[in-house]
Amino acid sequence: MEEKTLKEGGFIKQRQAEFFVARIKVLAGDATSEQLRKLAEMAEKYGEGWVHLSVRQGVEIPFVKIENFDTLVKELEKVGLSMGPCGPRVRVVVACPGSSICPYGLGNTKELARKIDARITGIKGLPHKFKVGIAGCPNACTKPQENDLGFMGVVRPIFDEVEGECISCGLCAETCPTGAITLSENGRPVIDYSKCSSDGRCVSICPTRAIREERKGWRVFVGGKFGRYPQLGLFFADYLTDEEALIIAEKVIEAYKRLGKKKERLREVIESTGLESFKREVGLSEASS
């Protein structure tokens, strides 16, 4: 098997001539105890008894010989693990714990990661690698702005005394990390949306629900990357539902395949076409951008 084919299948040549690193897919950083035991077993049996946890939530077993490749893959499949895609294709989606565990989480990152993984992970024929990151809130622990396609859970708060009367406690203003909320002369909150980080803390702290969420969903960034020439992703759309986020993911991939030249990352494609033109290529509606 050619070295390029091996690499695309998650078997990467090491500095040491006779050894490879086996890169294993761990979607959104979650692995069962059974899978962890199998990884330890495989590292002891076919490697040197240790694993490397990659920066993109994957697991790598170094010092594997080529003759053990097929057996290793079959053993991992028994516990639902597969090799991580490399090369010019969609890489494994990374995600933080999100609303399933984290008290700051606004979006179900795990569920979105599973859905996106089923739709686009491993798609071949791209000009270059393509990375996806999902963060449950604006703390952005998984750095969605540094991925080709990034999703971040956000909330738009609104002051509305229909559901609950404001008691002028000032907790919303005290809690807001960006100073987007001030109190008027009568003690009512005033929201400056130009400063709002959309983290929803004012909503969760309000004891009467006088501040509630007006909109909630995923903020989308495109064209981010790190490495030799890092660039933050560009704002692309706001407050998308899970289904809208999936459609955006598929359409961005389609546009990238159609417009990109070999070795071009998505950012280069966007810069050559222009962000607004790229939005039209994706078919992004004005309502969601």
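The values are calculated or read from the model by the stated rules, or taken from the named source; none is laboratory data. It should be emphasised that the depicted structure is a prediction, and the values quoted were computed from it without experimental measurement. All Cβ positions, even for glycine, are placed from backbone atoms using ideal geometry, and neighbour counts span all protein chains on display.
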Quick count over the range 88-101, residues being buried (at least 16 other Cβ atoms within 10 Å of the Cβ) and in a loop (DSSP other than H, G, I, E, B), is 7
Residues located in the range 23-36, provided they are more than 20 Å from PRO85 (Cα to Cα), touching a residue at least 40 places away in the same chain (Cβ under 8 Å) and not in a loop (DSSP other than H, G, I, E, B)
GLU34
Within the range 224-238, residues surrounded by 16 or more Cβ atoms within 10 Å (Cβ to Cβ), of a type in the set (D, E, K, R) and over 14 Å from the mean Cα position of the chain (by Cα) come out as ASP238
Is it the case that the range 44-67 has a residue that's within 29 Å of PHE130 (Cβ to Cβ), part of a helix (DSSP H, G or I) and polar (S, T, N, Q)?
no
Where in the range 106-205 are there helices (runs of 4 or more DSSP H), lying wholly inside it, with at least 1 residues that are over 11 Å from the mean Cα position of the chain (by Cα) and within 29 Å of LYS262 (Cα to Cα)?
109-120
Go through (1) outside the structural domain of ARG114 (by TED's automatic domain parsing); (2) surrounded by 14 or more Cβ atoms within 10 Å (Cβ to Cβ); (3) of a type outside the set (Ser, Thr, Tyr); (4) in contact with a Phe, Trp or Tyr (Cβ under 9 Å, 6 or more places away or on another chain) one by one and return the number of the condition LEU183 breaks.
(4)
With at negative phi, at pLDDT 95 or above, crowded, with 22+ Cβ neighbours inside 10 Å and not assigned by TED's automatic domain parsing to the domain that holds TYR239 as the only criterion, which of VAL64, VAL79, VAL73 stands out?
VAL64
Those residues of the range 139-162 which are closer than 17 Å to ILE211 by Cβ and either touching a Ser or Thr at 6+ places or on another chain (Cβ under 8 Å) or not aromatic (Phe, Trp, Tyr) (or both), in sequence order:
VAL154, VAL155, ARG156, PRO157, ILE158, ASP160, GLU161, VAL162
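Would it be correct to say that VAL73 is more than 19 Å from ARG267 (Cα to Cα) and in contact (Cβ under 8 Å) with a residue 24 or more places away in the chain?
No; evaluated as a whole, the condition is false for this residue.
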Is there a residue in the range 145-154 that is surrounded by fewer than 19 Cβ atoms within 10 Å (Cβ to Cβ), of a type outside the set (Asp, Glu) and out of contact with any helix residue (DSSP H, G or I) (no Cβ under 8 Å at 6 or more places or on another chain)?
no
Counted residues in the range 102-119 being closer than 25 Å to ARG267 by Cβ and crowded, with 21+ Cβ neighbours inside 10 Å come to 5
Within the range 232-272, work out how many residues are part of a helix (DSSP H, G or I), closer than 24 Å to GLY87 by Cβ and not aliphatic (A, V, I, L, M).
10
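Conditions tested, residue by residue: (1) of a type in the set (Ser, Thr, Tyr); (2) out of contact with any strand residue (DSSP E or B) (no Cβ under 8 Å at 6 or more places or on another chain); (3) closer than 22 Å to ARG280 by Cα; (4) modelled with pLDDT of 95 or more.
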{"site": "GLU163", "(1), (2), (3), (4)": "no, no, no, no"}
{"site": "LEU171", "(1), (2), (3), (4)": "no, yes, no, yes"}
{"site": "ILE181", "(1), (2), (3), (4)": "no, no, no, yes"}
{"site": "VAL203", "(1), (2), (3), (4)": "no, no, no, yes"}
{"site": "ARG209", "(1), (2), (3), (4)": "no, yes, no, no"}
{"site": "ARG215", "(1), (2), (3), (4)": "no, no, no, yes"}
{"site": "VAL222", "(1), (2), (3), (4)": "no, no, yes, yes"}
{"site": "PHE226", "(1), (2), (3), (4)": "no, yes, no, no"}
{"site": "ALA237", "(1), (2), (3), (4)": "no, no, yes, yes"}
